[in-house]
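Asks: Before I ask anything, let me first share the structure, which is written out below as structure tokens.
The values are calculated or read from the model by the stated rules, or taken from the named source; none is laboratory data. Just so we're clear, the structure is a prediction, and the values are computed from it rather than from any experiment. Every residue, glycine among them, receives a Cβ derived from its backbone with ideal geometry; neighbour counts consider all protein chains shown.
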């Protein structure tokens, strides 16, 4: 069954994959780029984005990531980040509707409603994808379109796609 929450997490998974793929051909020097107002170095931002999604999935399901990357630390590589992002993204899509939004989850000793973690997962990823897009733009690399219109290819749905 398709629900709005599942679609939001489906978009989140897709957008994370798009932003990671857009960074595949970057050099080590380019991944070390930072722009004021962003999280930090591009490579660290990508790692942080995927690492945080692992954390949210752990909170919601007790899943343990096989590796926890340190930031700063060695860049794990796009393929490694993509593999984890695909796994966590798909799991979040799968579980989104089955989680009681009021269920209390222990986050550093505080009882936090599951709904807060779900909202945070999407908000956090959106914010850091924007940081990556900003840095890519400063590097002269066009960032991918990761908005909802692009995922659903609204022009095609309307029959108005450019030929």
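Asks: Can we say residue 115 is without any contact (Cβ under 8 Å) to a residue 40 or more places away in the chain and part of a helix (DSSP H, G or I)?
Replies: When the stated conditions are applied, residue 115 passes them.
Asks: Name the single residue, out of those in region 1-33 being under 23 Å from residue 72 (Cα atoms) and without any contact (Cβ under 8 Å) to a residue 60 or more places away in the chain, that is surrounded by the most Cβ atoms within 10 Å (Cβ to Cβ).
Replies: Among those residues, the one meeting the criterion is 31.
Asks: Residue 36 passes all but one of (1) free of Cβ contacts under 8 Å to residues at least 12 places away in the same chain; (2) within 24 Å of residue 110 (Cβ to Cβ); which number fails?
Replies: Residue 36 satisfies every listed condition except (2).
Asks: Moving on to the next point. Determine which single condition residue 79 fails, assuming it passes every other condition in (1) surrounded by fewer than 19 Cβ atoms within 10 Å (Cβ to Cβ); (2) closer than 17 Å to residue 9 by Cβ; (3) modelled with pLDDT of 95 or more.
Replies: (2)
Asks: Regarding residue 59, is this residue assigned to a helix (DSSP H, G or I), crowded, with 16+ Cβ neighbours inside 10 Å and in contact with a strand residue (DSSP E or B) (Cβ under 8 Å, 6 or more places away or on another chain)?
Replies: yes
Asks: I'd like the full set of residues that are farther than 20 Å from residue 129 by Cα, surrounded by fewer than 15 Cβ atoms within 10 Å (Cβ to Cβ) and in contact (Cβ under 8 Å) with a residue 60 or more places away in the chain, limited to region 82-103.
Replies: Passing the criteria: only 97.
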